[in-house]
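Encoded as structure tokens, the structure appears first; notes follow it.
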Amino acid sequence: MLKVENVSKKYGDVLAVDNLSFQVNDGCIFGLLGLNGAGKTTTFRMILGLIDDYTGNITIDGEHINYTISDKLGFLTEERSLLTKLTVLEQIVYYGVLKSIPENKIEKKLDYWLEKFGISEYKNRKIKELSKGNQQKVQFISAIINEPKLLILDEPFSGLDPINVELFKSVILELKEKGTSIIFSSHRMEHVELFCEELVVLVKGKSVLQGKLSEIKKNYKKKNLIVKGDIDKNKILECDGVLKIEKVKDEYVISIKDESYVNKLFKLISKYDNIMKFSVEDPSLNEIFISIVGDKYEA
Ligand code: ATP
């Protein structure tokens, strides 16, 4: 289990991470979110032991980060960082040895993952000859070749086609099932929503929203009414409690201040003809993120 307790990090006068605390249990996927410059990379680097001049505590299974523990960490960086003149096998052996895996065991592990990712035929090809998506698969394999206890994934799907996104998702879920703790960072909220049970949102290094995704959604007061039918949009927009109305395909999404306005709106909307659908839904994580981060960002 990863525990981050009251961690702060300054670069000169810039407080990049401000009293941050969270924990990631074994077999959990945790979202670390924030706009550019929010402090995510700094947090990753502290967890990985690449930055050590911070205050607070970071432990994995009760131990501070040291060389033995860092052998059990994996990091898929947002910027791709492969040694492109090497072959896939040479690259993975290089990473594997850095992570203290006996050289004679690396190839067998590699074969498993190459097959999983459908790129076994590229094992002895130079990385620069591979397509971008296949290079990304190699980078992913290099992050997990040591069977990490904790895996940090920074924008793992960027640049992937939809088929490969599904493939990466299934591998991530396989690792989770095996008990790997995963920190997932992405600006794509629909991916975060799909994977993360818990999350923290950073603004200028500080946590502004934190907890279980289901609780965050439940506790978020604004709701959406989804209505299909012929309504007078302008009339509804004038009603008490209605914040905005958007048409998405053939449905209206009516954002309301809180659930107490549902009944009155239901009575009003049910008077219109051809109402095929009326439902109350929690807002998407994207809406919550924009409203919370937007408010705090301007403050
Ligand atoms: P992005 O999504 O753009 O990668 P981030 O959330 O990862 O951003 P960080 O890179 O951790 O954010 O940066 C947090 C803050 O610390 C920013 O204000 C950044 O300018 C500052 N910062 C980061 N690295 C350094 C550094 N080496 N020296 C000085 N300031 C830094």
Would you kindly identify the strands (runs of 3 or more DSSP E) lying entirely within the stretch 1-69 that contain at least 3 residues that are within 15 Å of the ligand (Cβ to nearest atom) and in contact with a Gly (Cβ under 7 Å, 6 or more places away or on another chain)?
14-24
Among the residues that make up the stretch 174-185, is at least one of them charged (D, E, K, R), in a loop (DSSP other than H, G, I, E, B) and under 21 Å from the mean Cα position of the chain (by Cα)?
yes
For the stretch 98-118, what are the residues that are at pLDDT below 95 and β-branched (Val, Ile, Thr)?
Ile101
Among the residues that make up the stretch 168-184, is at least one of them surrounded by fewer than 20 Cβ atoms within 10 Å (Cβ to Cβ), assigned by TED's automatic domain parsing to the domain that holds Gln91, closer than 23 Å to Phe289 by Cα and of a type outside the set (Ser, Thr, Tyr)?
yes
One residue from Asp154, Asp161 being within 30 Å of Met1 (Cα to Cα) and in the same structural domain as Thr87 (by TED's automatic domain parsing):
Asp154
For the subset of the stretch 136-185 comprising residues that are of a type in the set (Asp, Glu) and within 16 Å of the ligand (Cβ to nearest atom), which member is nearest to Gly49 (Cα to Cα)?
Asp154
Test for Val227: is it among the aliphatic types (A, V, I, L, M), surrounded by 14 or more Cβ atoms within 10 Å (Cβ to Cβ), touching a strand residue (DSSP E or B) at 6+ places or on another chain (Cβ under 9 Å) and over 30 Å from Leu20 (Cα atoms):
yes
Does Leu89 satisfy the criteria of being in contact with a helix residue (DSSP H, G or I) (Cβ under 8 Å, 6 or more places away or on another chain) and within 26 Å of Glu190 (Cα to Cα)?
no
Lone unmet requirement of (1) closer than 19 Å to Leu76 by Cα; (2) of a type outside the set (Phe, Trp, Tyr); (3) in contact (Cβ under 8 Å) with a residue 40 or more places away in the chain for Glu190
(1)
How many residues, within the stretch 236-265, are free of Cβ contacts under 8 Å to residues at least 24 places away in the same chain and surrounded by fewer than 15 Cβ atoms within 10 Å (Cβ to Cβ)?
11
Give just the number: which of (1) crowded, with 20+ Cβ neighbours inside 10 Å; (2) within 14 Å of the ligand (Cβ to nearest atom) does Gly74 not satisfy?
(2)
Condition check: of a type outside the set (Gly, Ala, Ser), under 23 Å from Thr41 (Cα atoms), assigned to a helix (DSSP H, G or I) and in contact with a Phe, Trp or Tyr (Cβ under 6 Å, 6 or more places away or on another chain). Does Ile152 satisfy that?
no
Within the stretch 203-220, does at least one residue satisfy the condition of being within 13 Å of the chain's Cα centre (by Cα) and under 18 Å from Pro283 (Cβ atoms)?
yes
Pairs where the first residue, in the stretch 1-29, is free of Cβ contacts under 8 Å to residues at least 12 places away in the same chain and the second is part of a strand (DSSP E or B) and surrounded by 15 or more Cβ atoms within 10 Å (Cβ to Cβ), C-beta under 9 Å, 6+ apart:
Lys10/Ala16; Lys10/Val17
Exactly one condition in (1) modelled with pLDDT of 95 or more; (2) under 30 Å from Asp13 (Cα atoms) is not met by Lys204; state its number.
(1)
Thr77: touching a residue at least 60 places away in the same chain (Cβ under 8 Å) and either outside the structural domain of Lys206 (by TED's automatic domain parsing) or among the β-branched types (Val, Ile, Thr) (or both), yes or no?
yes
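The values are calculated or read from the model by the stated rules, or taken from the named source; none is laboratory data. What you are looking at is a predicted structure, and each value in this text was computed from that prediction instead of being measured. With ideal geometry, Cβ positions are generated from the backbone for all residues, glycine too; neighbour counts draw on all protein chains shown.
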